[in-house]
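Participant: What follows is a structure written as structure tokens; I'll ask about it next.
The values are calculated or read from the model by the stated rules, or taken from the named source; none is laboratory data. Being a predicted model, the structure only gives us computed values, none of them experimental. We place every Cβ from the backbone using ideal geometry, glycine too, and count neighbours over all the protein chains shown.
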Amino acid sequence: MNTQSKLRLNEQNLHQLPSTISVPNYDRKNVQAGIVHVGVGGFHRSHEAYYTDEYMNQTGDLNWGICGVGLRDADRKMKSILEQQDYLYTLIVKHPNGTIENQVIGCMTDFLLGCDEPNAVIQKMADASTKIVSLTITEGGYNFNPATNEFDFDNPDVIHDLANPHTPRLVFGFLTAALKLRMERGLAPFTVQSCDNIQHNGDVARKMLLAYSQKVDLELAKWIEQEVPFPNAMVDRITPVTTSADIDYLSSELSLQDEWPVTCEPFHQWIIEDKFSVGRPQWQKVGAQFVPDVTPYENMKIRLLNAGHSVLGILGSIHGFETIDESVKDPTFSQFLQLFMDTEVTPILPPVDGIDLDDYKQTLLQRFANPNIKDHLTRICSESASKLATFLIPTINDNLQNKGNIECATLVLAAWCYYSDKQTNRHNKEITIIDVMSQDLHIAAAKYSLNPDAFLQLTSIFGDLNKNQDFLDIYRKQTKQIYSDANIKKHMQCIVDNATLAVS
Ligand code: CS2
């Protein structure tokens, strides 16, 4: 490809871009970073950074720029590309009808890499100009044991951080060191704003930080307990992994050389509890909603959307599908998903103010079907150990307690055992599995022929499910069916047909 005639995305070229690409209308030189964000992946860039950029465009309030932070060596590439591009990147919004909107996001001011310069990250967080430290560190980043919900002090990185408080590796080490400096300097604390898909994400962040900081300094932990706000939030925008096709699209269609754009759907939602220690952007001006209690919204989103993704992801992978839109286009898959949402999730959801659940579920199916968002099942199934423990297993537990239906959700766990054991789809084609627990999952699942419940012995994921007879009856029947015939669609269709018969 001829890159000679392409414009590189950077500050200098910003105002020479084709008019079909929208660019910040504010003067980036005047942007001050008021937010430090840990975990600059696709989702942060399509969500919080998008809202913040829109906020700056609409209000001209430039006090809420974002300093990105990566903690691991794996974040080096993001830092280096953003640095080369003066922290600019393109958001490629793909509508279901094929319309594409391109928007350059300009609210990021800097990027620090914790593994190279831990002190710079600590000092930046501790600086009075930092009002909010926001997080997208994934479910696993909260370092809790899902079965006990307690902080995992056995993690070697936690042991390292407790012994080396000035050069931590994990986010809790950084937050603790920075908050300690703020307390010593007599500064108000920043707000810790979680943007991860965890129920009560703020409460979880708080509980984990308190557990960690209590081991460091009791006085500090008390101060954090009393002074630091941790607003819960529901965050939503489907953001697939950026592909080389996205980079090529900008280059060939718009002559723009952006090394790491982000693709996403048009839909976005952010519902936040209004608890901030030293101010916040007026994100409500650009569509965010501030509410006193986010619990019902979080529950609804995590248990329908995220769990729905996992249902399609695990079952679709075994069937041999590659993407979410491909899976949901198959009538058996969409009917199965609808059945799961209607009969297993909806009955346990409390009413959600201002939301019609039927519309919400309908919209979800339409969002999943967007043919231009090629959301790969490898991304959806990545880190399933923490995702299923957060998105799906609580639904099974609630239904077991209420004597509700569990067949659809249990089929996902039975299929996950097969998937983790064989690591192939029904055509014996290898499946790429990305999971910090993939080895443990494989070892446990591979004991299936000796002990059909062996997979469930991973109690940090499954809790006490292996002791529940109602669950075991269904799980054993379903694993047996899948191991004798990996045509997963047949088993799904059977559940759908039985449910239809039961109703008629
Ligand atoms: C997905 C989410 O991988 C997953 O767990 O369900 O990344 C999902 O796309 C986002 O939460 C959408 O807001």
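Participant: In region 212-238, what residues are more than 16 Å from the ligand (Cβ to nearest atom) and crowded, with 21+ Cβ neighbours inside 10 Å?
Facilitator: If we filter region 212-238 for residues that are more than 16 Å from the ligand (Cβ to nearest atom), which is where we start, we get 212-231.
Across region 212-238, the qualifying residues are Tyr212, Ser213, Ile224, Val228, Phe230, Pro231.
Participant: Here's another thing I want to ask about it. Looking at Arg237, Arg182, which one is in contact with a helix residue (DSSP H, G or I) (Cβ under 7 Å, 6 or more places away or on another chain), within 22 Å of Ala389 (Cα to Cα) and of a type in the set (D, E, K, R)?
Facilitator: Among Arg237, Arg182, only Arg237 is in contact with a helix residue (DSSP H, G or I) (Cβ under 7 Å, 6 or more places away or on another chain), within 22 Å of Ala389 (Cα to Cα) and of a type in the set (D, E, K, R).
Participant: Which residues, counting only those in region 334-374, are in contact (Cβ under 8 Å) with a residue 60 or more places away in the chain and under 23 Å from Cys264 (Cα atoms)?
Facilitator: Matches in region 334-374: Tyr360, Thr363, Leu364, Gln366, Arg367, Phe368, Ala369, Asn370, Pro371, Asn372, Ile373, Lys374.
Participant: So which residues in region 437-469 are among the hydroxyl-bearing types (Ser, Thr, Tyr) and loosely packed, with under 15 Cβ neighbours inside 10 Å, if there are any at all?
Facilitator: Matches in region 437-469: Ser449 only.
Participant: Quick check on my filter: what residues within region 246-270 are small (Gly, Ala, Ser) and either under 26 Å from the mean Cα position of the chain (by Cα) or assigned by TED's automatic domain parsing to the domain that holds Arg379 (or both)?
Facilitator: If the condition is that a residue be small (Gly, Ala, Ser) and either under 26 Å from the mean Cα position of the chain (by Cα) or assigned by TED's automatic domain parsing to the domain that holds Arg379 (or both), then no residue fits.
Participant: Let me ask something else about it. What do you reckon, is Ile324 at pLDDT 95 or above, away from the ligand (no atom under 16 Å from the Cβ) and either out of contact with any strand residue (DSSP E or B) (no Cβ under 6 Å at 6 or more places or on another chain) or at negative phi (or both)? Working first, answer last.
Facilitator: Numbers: at pLDDT 95 or above: yes; away from the ligand (no atom under 16 Å from the Cβ): no; either out of contact with any strand residue (DSSP E or B) (no Cβ under 6 Å at 6 or more places or on another chain) or at negative phi (or both): yes.
The answer is no for Ile324.
Participant: Out of Leu187, Leu256, I need the residue that is hydrophobic (A, V, I, L, M, F, W, C), more than 16 Å from the ligand (Cβ to nearest atom) and touching a Leu at 6+ places or on another chain (Cβ under 7 Å). Which one?
Facilitator: Within the list Leu187, Leu256, the selection yields Leu256.
Participant: Counting only residues that are closer than 19 Å to Asn164 by Cα, among the hydrophobic types (A, V, I, L, M, F, W, C) and without any contact (Cβ under 8 Å) to a residue 60 or more places away in the chain, how many does region 122-144 have?
Facilitator: Summing the residues that are closer than 19 Å to Asn164 by Cα, among the hydrophobic types (A, V, I, L, M, F, W, C) and without any contact (Cβ under 8 Å) to a residue 60 or more places away in the chain in region 122-144 gives 1.
Participant: Look through region 349-365, keep the residues that are part of a helix (DSSP H, G or I) and closer than 28 Å to Ile137 by Cα, and return whichever of them is nearest to the ligand (Cβ to nearest atom).
Facilitator: This residue is Leu364.
Participant: Still on this structure, I have one more. Does any residue of region 374-395 turn out to be aliphatic (A, V, I, L, M) and in contact with a Gly (Cβ under 6 Å, 6 or more places away or on another chain)?
Facilitator: Yes: region 374-395 contains one or more residues that are aliphatic (A, V, I, L, M) and in contact with a Gly (Cβ under 6 Å, 6 or more places away or on another chain).
Participant: Could you please let me know if Pro165 is out of contact with any strand residue (DSSP E or B) (no Cβ under 9 Å at 6 or more places or on another chain), in contact (Cβ under 8 Å) with a residue 24 or more places away in the chain and not polar (S, T, N, Q)? Before the answer, list the steps.
Facilitator: Values: out of contact with any strand residue (DSSP E or B) (no Cβ under 9 Å at 6 or more places or on another chain): yes; in contact (Cβ under 8 Å) with a residue 24 or more places away in the chain: yes; not polar (S, T, N, Q): yes.
Criteria met by Pro165.
Residues checked against (1) touching a Pro at 6+ places or on another chain (Cβ under 7 Å); (2) more than 20 Å from Tyr249 (Cβ to Cβ); (3) among the aliphatic types (A, V, I, L, M); (4) in the same structural domain as Phe174 (by TED's automatic domain parsing):
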| position | (1), (2), (3), (4) |
| --- | --- |
| Val40 | no, yes, yes, yes |
| Arg72 | no, yes, no, yes |
| Gln84 | no, no, no, yes |
| Lys94 | no, no, no, yes |
| Gly98 | no, no, no, yes |
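Participant: Provide a single number: the residues in region 445-475 that are closer than 23 Å to Glu150 by Cα and at pLDDT 95 or above.
Facilitator: 9
Participant: Mind checking whether some residue in region 391-403 is buried (at least 20 other Cβ atoms within 10 Å of the Cβ) and within 18 Å of Thr332 (Cα to Cα)?
Facilitator: No; the residues of region 391-403 include none that is buried (at least 20 other Cβ atoms within 10 Å of the Cβ) and within 18 Å of Thr332 (Cα to Cα).
Participant: Follow-up. Given the condition farther than 13 Å from Ala369 by Cα, surrounded by 24 or more Cβ atoms within 10 Å (Cβ to Cβ) and within 11 Å of the ligand (Cβ to nearest atom), answer yes or no: does some residue in region 334-343 qualify?
Facilitator: No, the conditions are met nowhere in region 334-343.
Participant: When only residues in region 239-248 that are part of a loop (DSSP other than H, G, I, E, B) and either crowded, with 23+ Cβ neighbours inside 10 Å or not hydrophobic (A, V, I, L, M, F, W, C) (or both) count, which is nearest to the ligand (Cβ to nearest atom)?
Facilitator: The residue in question is Thr239.
Participant: Find the residue count for region 373-402, including only residues that are more than 9 Å from the ligand (Cβ to nearest atom) and outside any helix (DSSP H, G or I).
Facilitator: Residues in region 373-402 being more than 9 Å from the ligand (Cβ to nearest atom) and outside any helix (DSSP H, G or I): 4 in total.
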